[in-house]
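See below for the structure under consideration.
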Amino acid sequence: MAVPTYEEFMLPILRLAADGAEHRFGSALERISEQLELTESDRSETLPSGQTRAYNRFCWAISYLQNARLLEKSGRGRFRISPRGREVLSSNLQRIDNQVLAQFPEFLEFKGRRKDASNLSSDPTTSSHAETPEERLEEAYQELRAALAEDILERVLKATPKFFEHLVIDLLVSMGYGGSRTDAAQVVGRAGDGGIDGTIKEDKLGLDVVYIQAKRWENTVGRKEIQSFVGSLDGERAAKGVFITTSTFSAEARDYVCKTSKKVVLIDGAELAQLMMDHGVGVTTVKEFSICRADSDYFEEAE
């Protein structure tokens, strides 16, 4: 089955805690994962932050149950059932979700919403969500990045070949290649067919060089273009190369790169836009968000 939503985790967690014992997060998640028959793939599925999706949703479920006073925190990373939790379990509910928790004033206070139950149906925080708040934030972030990537690529395609040369230089220097921008400009942008060709230092000391070819194309780059590029590496006495395009590479082109003895990296338009965002080229920061968690070490003495 797929990874349960954080609401779908609530009832199994409460049932597990029904024995009255103290449970640790890690072992509790393992037992519930076995009960729900989660596959190894389900258990290892990760968020962009690196945390597993199952653990993230499990922790949010516990947080909600604790704020509704159905669970009690018994120590760092530990919990047990509360008297209220036993009462809820005794009602034999088939599901526990935000709507069930909303009957408790502590949960409403936690959510920062009015206690008027008549407004709960229009409150998006009490409706069913497959994702946790952290997941929704990360998904919104990825959507913003995708929209920005499209905007960047569209602007690059409208730019002049000369501007594209400067863009590639700025990106490579931002990534740590070519030493300074002046050094990079001396060897990149020699001539070309609407693109750029040249070699650039792999590091600031110039211990090795990388041959570069970039094409501001809308058509797919095929095997023929890549074969020509690989052949040019011999003429430059280079073993490494980067081929950058604003379009895409054909499957045959990528397959050819895997078989050649040269070390060649292919960067298509989508990856170009991602690299520009990651290295701050052609973009500006409008707003930043920080996601914080309580520092368990700081509060250790208080427990």
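The values are calculated or read from the model by the stated rules, or taken from the named source; none is laboratory data. These numbers come from a predicted model, not from an experiment. Positions of Cβ are backbone-derived with ideal geometry, glycine not excepted, and every protein chain shown enters the neighbour counts. Keep in mind that these areas ignore ligands, DNA and RNA; they rest on the heavy atoms of the full protein, side chains included. Shrake-Rupley method; radii C 1.70, N 1.55, O 1.52, S 1.80 Å.
A few points about this structure:
- Residue list for the stretch 225-266, restricted to those being surrounded by fewer than 17 Cβ atoms within 10 Å (Cβ to Cβ) and part of a helix (DSSP H, G or I): GLN227, SER228, GLY231, SER232, ASP234, GLY235, ALA251, GLU252, ARG254, ASP255, CYS258, LYS259
- Scan of the stretch 72-89 for residues that are in a helix (DSSP H, G or I) and either open to solvent by 10 Å² or more (accessible area, probe 1.4 Å) or hydroxyl-bearing (Ser, Thr, Tyr) (or both), ordered by number: PRO83, ARG84, ARG86, GLU87, VAL88, LEU89
- Yes/no for SER290 being of a type in the set (S, T, N, Q), within 30 Å of LEU137 (Cβ to Cβ) and out of contact with any Leu (no Cβ under 6 Å at 6 or more places or on another chain): yes
- Positions within the stretch 266-291 being over 17 Å from the mean Cα position of the chain (by Cα), farther than 27 Å from GLY222 by Cα and of a type in the set (A, V, I, L, M), in sequence order: VAL281, VAL283, VAL286
- Any hit, the stretch 156-169, residues being under 27 Å from the mean Cα position of the chain (by Cα), farther than 24 Å from SER228 by Cβ and at pLDDT 80 or above: no
- Filtered residues of the stretch 74-89 (kept if at pLDDT below 95 and hydroxyl-bearing (Ser, Thr, Tyr)): SER74
- In summary, LEU65 fulfils each of the numbered conditions (1) crowded, with 21+ Cβ neighbours inside 10 Å; (2) within 23 Å of LEU108 (Cβ to Cβ); (3) under 24 Å from the mean Cα position of the chain (by Cα) with the single exception of condition (3).
- Residue in the stretch 278-285 that is closer than 19 Å to SER174 by Cβ, open to solvent by 100 Å² or more (accessible area, probe 1.4 Å) and β-branched (Val, Ile, Thr) present: yes
- In the set ALA102, ALA149, only one residue is open to solvent by less than 20 Å² (accessible area, probe 1.4 Å), modelled with pLDDT of 70 or more and in contact with a Ser or Thr (Cβ under 8 Å, 6 or more places away or on another chain); that residue is ALA102.
- Test result for LEU14, within 26 Å of GLU139 (Cα to Cα) and surrounded by 15 or more Cβ atoms within 10 Å (Cβ to Cβ): no
- Positions within the stretch 251-277 being within 18 Å of ALA214 (Cβ to Cβ) and of a type in the set (Asp, Glu), in sequence order: ASP268, GLU271
- For the stretch 48-58, the criterion of being under 21 Å from ASN92 (Cβ atoms) and touching a Ser or Thr at 6+ places or on another chain (Cβ under 8 Å) is met by none of the residues.
- Pairs, first over 22 Å from ARG237 (Cα atoms) in the stretch 248-275, second open to solvent by 70 Å² or more (accessible area, probe 1.4 Å) and of a type in the set (Asp, Glu), C-beta under 8 Å, six or more apart: ALA273/GLU150
- Selection over the stretch 214-224 of residues that are closer than 20 Å to GLU252 by Cβ, open to solvent by 30 Å² or more (accessible area, probe 1.4 Å) and in contact (Cβ under 8 Å) with a residue 24 or more places away in the chain gives a count of 5.
- Looking across the stretch 22-51, the residues that are at pLDDT 90 or above, surrounded by fewer than 20 Cβ atoms within 10 Å (Cβ to Cβ) and of a type in the set (Ser, Thr, Tyr) come down to SER27, THR39, SER41, SER44.
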